[in-house]
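Below: the structure, in structure tokens.
Every read-out reported here was derived from the displayed coordinates using simple, explicitly stated rules and does not represent laboratory data. No experiment lies behind these values; they were computed from the predicted model shown. Note: ideal-geometry Cβ built from the backbone for every residue, glycine included; neighbour counts use all protein chains shown.
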Amino acid sequence: MTTRHLTSKALTRGIAAATAALALLAVTACGNGTSPGPSGPSASASAPAETPAALQTAIDGLVAGGFVGAEATLLRDGTAVQYTAGLGDLATGEAYPRDAHFRAASLTKPFTSSLVLRLVADGLVELDAPVDRYLPGLLHGEGIDPEAVTVRQLLQHTSGLPEYAQLPEVLVAYEAGNTRTFTPRELLDLALEHPAQFPAGKRMRYTATNYVVAGMLFEAVSGKDVTTGLTELTGPLGLSSTYLPQPGDHTIAAPFAHGHLDGADVTSLEPSALWTAGGLVTSGEDLARYFAALMSGQVVPAAQLAEMRTTVPMEGAGPVGYGLGLMRIPLTCGGVAWGHAGDTQGYLAAVGASEDGSRAVSLAVNQSPEGAFGPEQLVEVLSAGLC
């Protein structure tokens, strides 16, 4: 069976594709200044006739361009409107379902970062302390100085830790019939058999290993499992569609969009191979509401939100910056959009929010991306939508 593995290069391409597609949606949804039609404040709704037709046209265009199906959720001042196009299941011809669950892929990372930053706010973790203080003896190997790798570097992808996601031992997670599960320690140990990518703090490279270690740190310091921590994040916000599948659970809660790759259904995969780096299942409305809440200060305190928004240039993504689990997308009017994006086998997802959280747009596509939109396109189009 064909598998798609998340190398750093592939992750960067997928992120570029997802964020640029999100930018296209943002401009068509927001650029004409028309407000969406009425919908329930806590539930997504079908797009009524008076909503901007351009948003529907944009996701129709994604499907016309070759994607199996797509959905977008536009959130403005607490009101969500959902748009869908194409198919949710290529084999049956069923339409893309409303309120669909899908694999969030690297959109898991902002949630993981939020968990760690809550510990920082509580005085239990220092961002610039070495990871070894909280996970003594865990990090080791060629080119790795455990006293040099800090918590901040994990969250900002500047640690230099080796990548695990493309290793053959991990790729079985994407194969039909796989029964192997992984513990976070097993994923890390596989990574640490390889040398560091660079000395800690010397550059930025998007690496899933960082967020596996971040999840381990959260559990060690908090005394809670990640599932409990995520419930404490999402529960107060009413995000009932967001969860971390348990090891061995290859399914997605209904309703869901089937994932596709080269025409095949690749919905099933082993989530423990992704864990706190990319294992979440969510919905478009949950993503939009989470980022709106995060930007408006409802998830982490102001000091920690400021840390999340402190960025370094993102390798391979032009003007896009990367903070602590957040992408900073500069707008031509001087403002910024804050979001994240990613892809895993069968799915591509993205979300972006205004700086004050009053607006957010999420996108999900149920097919592995085969190309990329450039970051320059992203800045130009998103600026037109959010300025």
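Worth a mention:
- Solution diffusion estimate, µm²/s, Stokes-Einstein, the range 185-286, Kirkwood Rh from C-alpha pairs, 25 °C, viscosity 0.890 mPa s: 156
- Ranked by the mean number of other Cβ atoms within 10 Å per residue, highest first, peptides 317-328, 167-178, 344-355 order as 344-355, 317-328, 167-178.
- Its Cα centre serving as origin, the range 154-193 has a Cβ charge dipole (Lys and Arg +1, Asp and Glu -1) of approximately 120 debye.
- Formal net charge of residues neighbouring residue 305 (Cβ-Cβ distance under 13 Å; K, R +1; D, E -1): 0
- Hydrodynamic radius of the range 113-241 by the Kirkwood approach over all distinct alpha-carbon pairs: 15.5 Å.
- Diagonalising the gyration tensor over the Cα atoms of the range 251-301 and scaling each eigenvalue by 5 before taking the square root yields semi-axes of 27, 14, 9 Å, largest first.
- Overall size of the range 213-265 from C-alpha positions, given as principal axis extents largest first: 44, 27, 16 Å.
- Between residue 224 and residue 175, the simple label model (points 7 Å from Cα in the Cβ direction) yields a spacing of 3.7 nm.
- Applying 0.36 nm per residue to the separation of residue 92 and residue 189 and subtracting their alpha-carbon distance, the gain on full extension is 30.8 nm.
- Residues 202, 109 in ascending order of nearby Cβ atoms (within 10 Å, fewest first): 202, 109.
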